[in-house]
Amino acid sequence: MLRVLAVDDEQPALEELLYLLRADPRVRSAEGATGATEALRRIGSAVDAGPDDPSAIDVVFLDIHMAGLTGLDVAQLLAGFAAPPLIVFVTAHEGFAVHAFDLKAVDYVLKPVRRERLAEAVRRVAEQVGDRSAPAHDSAGDQIPVELGGVIRFIPIDEIAYAEAQGDYARLHTAGGSHLVRIPLSTLEERWRSRGFVRIHRRHLVALSRIDELRLDAGSMSVRIGEAELAVSRRHTRALRDLLMRQGGR
């Protein structure tokens, strides 16, 4: 059962969000705050009191555009807390999804808020709150936001086989299709290095675990991932071969 704080400086929007949250059977309590300052004060008090206190907050449903501090500012401040609540952004603007990913938001819900979409966000939060008794795991960082038909969805990084550079964008390839995100491939390379992704070409970043075959032909190298065959540039050939040999020897 979730303890929720909803934050929006527009009273009608806040009341509507609270109405929908309180109607969800997974929500134990839902309180509102009309600005960032009030929200930070209440969250700070809740964190200091501990998770078993009646004032505890599991998740903050947070508007982005507010007078004074924005929702993004609030999220950045919460990142410095020892045990901050989870965050779901609720906004009328699509353009902040990548920043939300950087701030480890659980979900990104677009206004006007639909009941079924909010229910999906609550489900995601409930899963993560339920996992908190397990060993620490950064599950929010295991997803990346993509836009599908005007709706922001979070795709598990484990489902991504490889990423392809397209200017300042990257196309993420999964078994179910591909998704274009406004993140340079070099940024994904830095973020995902520890997750087993390796650069094989200026255009391609691949998940080592998804490589089915390594092919050598007249001195050139390529890898097969599913139905795709991707060239390996000369500068990356030795490093890739060494990584695959070490992986195979484990």
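The values are calculated or read from the model by the stated rules, or taken from the named source; none is laboratory data. Not measured: the values here are computed from a predicted model. Glycine also receives a Cβ, built like all others from the backbone with ideal geometry; neighbour counts cover every protein chain displayed. Keep in mind that these areas ignore ligands, DNA and RNA; they rest on the heavy atoms of the full protein, side chains included. Shrake-Rupley method; radii C 1.70, N 1.55, O 1.52, S 1.80 Å.
Only residues that are at pLDDT 80 or above and exposed (fewer than 14 other Cβ atoms within 10 Å of the Cβ): list them for region 124-142, please.
127
Quick one: which residue in 36, 82, 56, 13 is out of contact with any strand residue (DSSP E or B) (no Cβ under 9 Å at 6 or more places or on another chain), of a type in the set (A, V, I, L, M) and at negative phi?
Only one candidate passes the filter, namely 82.
Within region 143-250, considering only strands (runs of 3 or more DSSP E) that don't extend past its boundaries, which have at least 3 residues that are open to solvent by 70 Å² or more (accessible area, probe 1.4 Å)?
Passing ranges, in order: 213-217.
Give me the helices (runs of 4 or more DSSP H) completely within region 2-118, filtered to those with at least 1 residues that are hydroxyl-bearing (Ser, Thr, Tyr), surrounded by fewer than 18 Cβ atoms within 10 Å (Cβ to Cβ) and touching a residue at least 12 places away in the same chain (Cβ under 8 Å), ordered by residue number.
36-49
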